[in-house]
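**Student:** I'd like to ask some things about the structure below.
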Amino acid sequence: MKEVVISVGMGPGQLVFIKQLTKLGYEVVAFGKGKNSQDAISLCYKTANIDTSNYKEAQEWIDSLGVQVLAVGSYAGGKAVQTVQALSNYYHVATQIPNSLIFNASKEKQQKFLEMHNLSTITTWNSNDITADKIRSCTTNTDFIIKPIIGRGSEGIQIVSSDYLIKLVENKQLAKNKIIQTVVTGTEYRIVVIVQNKKIKLLAPIMRKSYRKTLFLGELSYSDKHLIKIQKFVQSFIDKFCVINSIFKIDVIVSETSINIIEMDIGVGGGMYYKTFVSRLYNMDLLTVYINLILNKPINDFLINKKNLKMEYVFNHRPIPIKYDLDLCKQKLTKQFGDIEILVNLLHPENKGGYCSNSDFIFTVIYDDKQNTDYASIIDAFVNNQLFLI
């Protein structure tokens, strides 16, 4: 029986994953629907035109191949994550997880799970159930977040006052299929965790700052200010839910008294640019580590290597498409800010104007802030004012 690794997805974001596996001598079986990569397809043993969110159809197809599944993975993440989880459990591979941790794309259901297990104290309602009295029951100065029940990239998210929210509810102007949450304050982190044999091999506390006056990603940087508190919190989660081998991304807000999970992906979440930044911080290749994890190969403990690195997201300020010369950008940014690395958004949002989600950034700039000069937003402004062309 042929041994294979299942790739949930075969688009451009999965190409590096499939390419690496084939270089290592593994046969890859992949499925996906929509923007599939012909290069990825050509490397695979078998492929199928199946949506990455359709776990049942994928399972039936894989079963029909008569193969032995060694591992299941998706380096691109997104809607493939839940299918990776379900298939991992079905084929009993190394990274199977407790069924209670398999969430669908509903933020509301995940939040209720987090509240039930004391992983979050963020009050959450469905827009169909919220009332003015429920809003008034919260402290008068509380702000609220309105966001889609299913969504990605911080798109369609608003922060509003209690008075404004009460007006929306009383005037029946609050849209359906939204979730409403109280705003909690503190330091926001996007954390990636790798667990092998119930032990933490990597815990990367990446502090997240929002872009300008939005909820989109603006800057990422390593911070160990709350490292011990976060480590205890994560280890408690691992012990409580019997997580054996896994990689997960957790967005949290840490205050002096609590840690609240905003969102959690049991899988490689956070986007390929975030994963590249983590690789640079720890002087390793996260893709290689991920492949070793799903194949149940030993993983080292990782310690921070370049703690002064930061990554800034650059968006197009103009409401119209722009152009830029990548080589000139590298040259000018290096002269202005020292050694830098540019990660270009493969979706090429420069072909449209403005931005409405995290995925609309033009590129990211990784730089070493040894002097703690804090170039947050300075690089973005420099690029927009001097390097973007109409």
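The values are calculated or read from the model by the stated rules, or taken from the named source; none is laboratory data. Not measured: the values here are computed from a predicted model. Because the Cβ atoms are built from the backbone with ideal geometry, glycine has one as well, and the counts that use them run over all protein chains shown.
**Student:** Is it fair to say residue 299 is among the β-branched types (Val, Ile, Thr) and either more than 20 Å from the chain's Cα centre (by Cα) or assigned to a strand (DSSP E or B) (or both)?
**Tutor:** Values: among the β-branched types (Val, Ile, Thr): yes; either more than 20 Å from the chain's Cα centre (by Cα) or assigned to a strand (DSSP E or B) (or both): yes.
When the stated conditions are applied, residue 299 passes them.
**Student:** It is to be established whether one or more residues within segment 368-381 are touching a strand residue (DSSP E or B) at 6+ places or on another chain (Cβ under 6 Å), touching a residue at least 60 places away in the same chain (Cβ under 8 Å), more than 16 Å from residue 274 (Cα to Cα) and loosely packed, with under 13 Cβ neighbours inside 10 Å.
**Tutor:** Within segment 368-381, none of the residues are touching a strand residue (DSSP E or B) at 6+ places or on another chain (Cβ under 6 Å), touching a residue at least 60 places away in the same chain (Cβ under 8 Å), more than 16 Å from residue 274 (Cα to Cα) and loosely packed, with under 13 Cβ neighbours inside 10 Å.
**Student:** What tally of residues in segment 214-252 results from selecting those that are out of contact with any Phe, Trp or Tyr (no Cβ under 8 Å at 6 or more places or on another chain), among the aromatic types (Phe, Trp, Tyr) and more than 20 Å from residue 97 (Cα to Cα)?
**Tutor:** Looking only at that region, the number is 1.
**Student:** Can you find even one residue in segment 304-316 that is more than 25 Å from residue 223 (Cα to Cα) and out of contact with any Ser or Thr (no Cβ under 7 Å at 6 or more places or on another chain)?
**Tutor:** So in segment 304-316, the residues more than 25 Å from residue 223 (Cα to Cα) come out as 316.
Going one step further and asking which of them are out of contact with any Ser or Thr (no Cβ under 7 Å at 6 or more places or on another chain), we end up with 316.
Yes, because at least one residue in segment 304-316 is more than 25 Å from residue 223 (Cα to Cα) and out of contact with any Ser or Thr (no Cβ under 7 Å at 6 or more places or on another chain).
**Student:** Can you name the number of the only condition in (1) without any contact (Cβ under 8 Å) to a residue 60 or more places away in the chain; (2) within 18 Å of residue 194 (Cβ to Cβ); (3) of a type in the set (Asp, Glu) that residue 327 fails?
**Tutor:** Only one criterion in (1) without any contact (Cβ under 8 Å) to a residue 60 or more places away in the chain; (2) within 18 Å of residue 194 (Cβ to Cβ); (3) of a type in the set (Asp, Glu) is unmet by residue 327, namely (2).
**Student:** So residue 278 clears everything in (1) under 27 Å from residue 80 (Cα atoms); (2) of a type in the set (A, V, I, L, M); (3) outside any helix (DSSP H, G or I) except one condition, right? Which one?
**Tutor:** (3)
**Student:** If I ask for residues that are buried (at least 18 other Cβ atoms within 10 Å of the Cβ) and closer than 28 Å to residue 282 by Cβ, which ones from segment 308-339 would you list?
**Tutor:** 309, 310, 311, 312, 313, 314, 315, 329, 333, 337
**Student:** Can you tell which of 300, 316 is among the polar types (S, T, N, Q) and farther than 29 Å from residue 351 by Cβ? Even if it seems obvious, please write down each step before you answer.
**Tutor:** Working: 316 fails: farther than 29 Å from residue 351 by Cβ.
Selected residue: 300, the only one of 300, 316 that is among the polar types (S, T, N, Q) and farther than 29 Å from residue 351 by Cβ.
**Student:** Could you check residue 45 against (1) free of Cβ contacts under 8 Å to residues at least 40 places away in the same chain; (2) surrounded by fewer than 18 Cβ atoms within 10 Å (Cβ to Cβ); (3) of a type outside the set (A, V, I, L, M, F, W, C); (4) in contact with a strand residue (DSSP E or B) (Cβ under 8 Å, 6 or more places away or on another chain) and say which number it fails?
**Tutor:** Of (1) free of Cβ contacts under 8 Å to residues at least 40 places away in the same chain; (2) surrounded by fewer than 18 Cβ atoms within 10 Å (Cβ to Cβ); (3) of a type outside the set (A, V, I, L, M, F, W, C); (4) in contact with a strand residue (DSSP E or B) (Cβ under 8 Å, 6 or more places away or on another chain), only one is false for residue 45: (1).
**Student:** Still on this structure, please answer the following. Keeping to segment 208-220, report how many residues are surrounded by fewer than 19 Cβ atoms within 10 Å (Cβ to Cβ) and either modelled with pLDDT of 85 or more or assigned to a strand (DSSP E or B) (or both).
**Tutor:** 2
The rows are residues; the columns are (1) in contact (Cβ under 8 Å) with a residue 60 or more places away in the chain; (2) assigned to a strand (DSSP E or B); (3) within 18 Å of the chain's Cα centre (by Cα).
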| residue | (1), (2), (3) |
| --- | --- |
| 248 | no, yes, yes |
| 252 | yes, yes, yes |
| 265 | yes, yes, yes |
| 284 | no, no, no |
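**Student:** Here's another thing I want to ask about it. Tell me whether segment 225-244 contains one or more residues that are in a loop (DSSP other than H, G, I, E, B) and within 19 Å of the chain's Cα centre (by Cα). It would help to see each step written out before you state the result.
**Tutor:** Narrowing segment 225-244 to residues in a loop (DSSP other than H, G, I, E, B): 225-226, 242-244.
Applying the additional criterion that residues be within 19 Å of the chain's Cα centre (by Cα) yields none.
No, that holds for no residue.
**Student:** State all residues of segment 82-135 that are farther than 22 Å from residue 262 by Cβ and in a helix (DSSP H, G or I); if no residue qualifies, say none.
**Tutor:** 83, 86, 87, 88, 89, 90, 99, 132, 133
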